[in-house]
1. For A:Leu60, which of the numbered conditions (1) in contact (Cβ under 8 Å) with a residue 24 or more places away in the chain; (2) not in a loop (DSSP other than H, G, I, E, B) fails to hold?
2. Just need a number here: residues in segment A:126-172 that are outside any helix (DSSP H, G or I), more than 12 Å from A:Ile466 (Cα to Cα) and out of contact with any Lys or Arg (no Cβ under 9 Å at 6 or more places or on another chain).
3. Give me the residue from segment A:706-730 that is of a type in the set (A, V, I, L, M, F, W, C) and either outside any strand (DSSP E or B) or out of contact with any Leu (no Cβ under 8 Å at 6 or more places or on another chain) (or both) and, out of that set, nearest to A:Pro476 (Cα to Cα).
4. Residues A:Asp340, A:Asp324: which one is facing another protein chain (nearest Cβ under 10 Å), crowded, with 24+ Cβ neighbours inside 10 Å, in a helix (DSSP H, G or I) and not hydrophobic (A, V, I, L, M, F, W, C)?
5. Please pick out the residue among A:Met452, A:Met475 that is farther than 20 Å from A:Lys305 by Cβ and within 21 Å of the chain's Cα centre (by Cα).
6. Which residue, of B:Val3, B:Val53, B:Val38, is at the interface with chain A (Cβ under 9 Å from one of its Cβ atoms) and over 21 Å from A:Ile28 (Cβ atoms)?
7. Scan segment A:53-79 for residues that are buried (at least 21 other Cβ atoms within 10 Å of the Cβ) and more than 11 Å from chain C (Cβ to nearest Cβ) and jot them down.
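The values are calculated or read from the model by the stated rules, or taken from the named source; none is laboratory data. Only a predicted model underlies this, so the values are computations on that prediction, with no experimental measurement involved. Cβ atoms come from the backbone with ideal geometry, glycine included; neighbour counts cover every protein chain shown.
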Amino acid sequence: MSITRRAFIKSLALNSAVAAASTLFPGIIFAGWEKTDLPSGMIDWKKTPCRFCGTGCGLLIGVSGDRAVAVKGDPNCSVNKGLCCVKGYHSVQILYGKDRIQKALIRKNGKLVEAPLKEALDLVASKMQETIEKQGKDAVSIYGSGQWSIPDGYAASKLFKGCIGTNNVEANARVCMASAVTGFFTSFGLDEPMGCYEDIDHADVFITWGNNMAEMHPVLFSRMLANRKSKGHVEIIDFATRTTRSSQASDKSILFKPQTDLAVANAICYEIIRNNWVNKDFVSKHVSFHKGKTNIGYGTQDHFKFKDKAETVDFETYKKFLEDYTPEKVEKISGVSAMDIRYLAALYGDPDKKVTSFWCMGMNQHTRGTWINNLVYNIHLLVGKISTPGNSPFSLTGQPSACGTVREVGTLTHKLPHGVVMKEAHRKMAAKIWNVPEKNIDPKPTYHTVEMFRALDRGDIRFMWIQVTNPMVTMPNLRRYRDGAKKDGRFVVVSEIYPTPTSDIADVVLPSALWIEREGFFGNSERRTQHNDQIIPMPGDTMCNTWQLIEVARRLGFEKQFPWSRETYIEDIWNEYTRFHDNPKHRMAPYKELKARAGVQWPFVDGMETKWRYNPKYDPAAKGKDFDFYGKPDNRAWIWMRPYEPAAESPDSDYPFWLNTGRVLEHWHTGSMTRRVPILHKAMPASYVEINPKDADSMGITNGSKVKIISRRGSVEMTASINGRGNPPKGMVFVPFFDENHLINEVTLDAFCPISKQVDYKKCAVKLERA
Amino acid sequence: MPVFSYIAYPEPGTKEQLLKDLTALKHCEVMPSENTDVLVLVTDTPDEAQEKVLQEKFKKLKSLQSLGMTYGHTDE
Amino acid sequence: MRGKTGESIMEKPKHEPMHEPGKKPGKIFLIFAGLCVMALPFIVFAAISYESPSIVAAETHTPLIESQSLDFDHKGNTIFETHDQTSKEYIEGISTDRTLEAFYMLRQYPGSPPYIPHKELEADGVEMECLTCHAKGGWSAELKGNTPVTPHPEQLSCRQCHVKMTVDSLFVDTDWMSIMPPKLGRSHLPGAPPPIAHDLQARGNCIACHVGPGTVSAIRVDHPTRGNCRQCHVPDLHPGLFQQESTF
């Protein structure tokens, strides 16, 4: 008997015994088994995108009765072809934590008490009305998420921007992908990658820039490993600030001092030009050169404002600028040997090698995040390695729908579903589709995420609705923003699924439906939109986020704009939303296609997905013979002269360590879902601080001992991990942020990239003390 | 590879002992009930001969009152 | 060439080098030396004439970052190295001569070092070199079986832990009992990847015991070509479940 058949027969045997026992002894309980509704032998499989990372694996959920009981990878989904990671395989268990919020809660006399959902919704609407009347429309706000389903974000944008008329709409993707977005807009004029995951099957060289792909996008990393195993000559280079599982799997691991990726990227360009590896034909036809402001600050003060100014320059100016970035000079500040810099440059410069660069939070959560995104595009543009299979500067997305919802629907202060609030033509289009007067839509953006929480602290914002995110664990410099949210006169509404530190400070908690309990759409890193039906019923009083917004909108008097019926509202919203993108550069697939298929890429033109954009061979919106970067008015891709500027807070004699934060394979973000999955909690029960073995030795710290991490903003006590999951170099420590009992963000700094306003969670200065 | 499952009834007051005894036997998996004095037993022996040996072992257990078979499978 | 940091590009690349890059190292050095001499005045001039004082030049000297060992996380690097070095034929080997029964018969408790079940001396009295067979496995014509692969080849003093059973009898009867070995198929959901059933100390290299003809057939995986085992299979360490403790 093979193992799987044997296991199946044994489970039949077990089921029979338990079923018989239940008949003989009604009410009998076996540890780990449900009292009622024992899963029968029949399982129905329904498709959905995974609830977790930006890879966007297709899953098949095994349903028995009205419970999700198993998971398979969807073999029909081109993203993962049937493979998942440990989170995906156990994702259905996130639905069944015992402390699931199933009833609305209202804070009365300082305590959250259960209340009928209707009462809670009435209260939310009346509080919004009251705040708008007393303090103006810009005193209300909504903070959403890259894990919002697409209709959630659309309803939020329409309600707040179209009906109420405030641009106080932000999402946690601001602190996740904003630098990638501004990188795309400044380099290409349009958001989202020009390549797709198929690049992985074609590339000869992979270079990861500051991301731990083996743990963070494991299924894509597996595709890279499979490519390497089958082709033999493929190289994977791990370019990072610390040693991780990705380093173990790569052919070469190159460490750099935090922030100096800016200098190394420029040095690579210097080498490419010096060695005459520039693709002169491509550059002369498809690239133009520009520079912006320098010395642009870090945003740590309230009301920090920055607006860049673009100036056109030429190749010679750019070449001269790069003379500051010879490998020898850059070696001095980055800790990367000139030899290794030249090695990387040679990989990019070799005309016979297809190169794919991957990056995620290392480059985006960066006080010069926009710049470093520009600089990696510069490398690919100089050698013309872009928009063809295997040649791909690929910005990986962290969350499952930061692309689909936040970026494509535009749930940020300055954006609309098509375009920006500042442009009249875009406001006109939105007003028409939304059926609101044009003057409703405010042409001035208000606050980005950090400023929004600062405004809540100052009292300029009095009402905030938080959906699908946990800012009371994730805001940097957390103490200020938590204290701010708890001040008198602030009303916080939280739509949640489990009790978290954010729901703990709420005035109203609305019970939300989770993932496959409601119909929805996610959009992943490679422009693939994926649909799921409602697969299991919503428990208790839970209500999906979209419908919560619709209920409140109707109470505020906007029935006309939110007319849809309970049965078809998701489809209706999709049909209305896709009108914004109806052009060959962004057309979305129709509802029927998305319902039937395991994901469809946009632009979806004449029944075909556009896999590589800006290349007329694959992209019907591109004109001409070889490339057409139609996002920019000059139809060219822009190379930006961006210098190296140091981090906001570097280690010094008082605080001699870099603090770096991030994730681990087992846990998603703040762990509110994954910690309730037994296998994931058992594999990774608590957070810790990774310390370099030599550093630990010199401080007398051993594996498992307690350590205090102290910065200018706060301190946290944690357990030391030495030679554990990852290894930071000397002078750096790393802490994963999934543990709400160890709030590392009380220690981090709220500095951000002045262009994208994205926070840098990877760099601040701390000191360690034995506790 | 014979696979069987049973409801195992312990002698009065010996549920814990029966749990220990059955867990110690090879080829046996036991799942005790939390609120009743019965256990579920699943056996999986490599061949008929070892199945017979296991049955003999059951007969020798003092804590086992009776076994009610709920599932049987043999590979023919 | 796996995962070595600070590696010189002067070393021979794994694949056949293209002419251009292959010849480049020597050329680069000469060009570089020449450039140094010629570029020096330019660099100085550029540094002075650039808009603001170059931050690159002003930064204090950063020492080269030392390459780090990849031997962390229970020797997780060995999984990737072995996966890369193992041939397709070996990975797909499916002999059934080793059974779980026999496997546990050689051990006193799950995880104990097994004793040596075959003779360890050559005909002429010379001790066999264990790693000649147990480092890579393969078919043993002498013993007519597939050889198990050690998960810890870096431990070179084999006979410090593995000994031969020379007699069958006990000195005195013993009361020894141990825990049951981990059960198979402990997936949390039907079809889900089971958690790692054993400690990872000295047993971090999955391929050694779960892939190939020399493995115990009951624990051989049916997806041996996937390389990143711990993307799906995680250790089962902590006994309890998550308890949310509100601190507000």
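1. Result: A:Leu60 fails condition (1) only.
2. Number of matching residues: 1.
3. Among those residues, the one meeting the criterion is A:Met718.
4. On the way: A:Asp324 fails: crowded, with 24+ Cβ neighbours inside 10 Å.
Just a single option satisfies the conditions, and that option is A:Asp340.
5. Working: A:Met452 fails: farther than 20 Å from A:Lys305 by Cβ.
Checking each option against the conditions leaves just A:Met475.
6. Working: B:Val53 fails: at the interface with chain A (Cβ under 9 Å from one of its Cβ atoms); B:Val38 fails: over 21 Å from A:Ile28 (Cβ atoms).
Just one listed residue meets the conditions, B:Val3.
7. A:Cys53, A:Gly54, A:Thr55, A:Gly56, A:Cys57, A:Gly58, A:Leu59, A:Asp74, A:Cys77, A:Val79
Listed here are the residues, each with its yes/no results for (1) more than 10 Å from chain C (Cβ to nearest Cβ); (2) under 26 Å from the mean Cα position of the chain (by Cα); (3) in a helix (DSSP H, G or I); (4) on the phi < 0 side of the Ramachandran plot.
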position	(1), (2), (3), (4)
A:Gln248	no, yes, yes, yes
A:Ser253	no, yes, no, yes
A:Asn266	no, no, yes, yes
A:Cys269	yes, no, yes, yes
A:Ile272	yes, no, yes, yes
A:Val278	yes, no, no, yes
A:Asp281	yes, no, yes, yes
A:His290	yes, no, no, yes
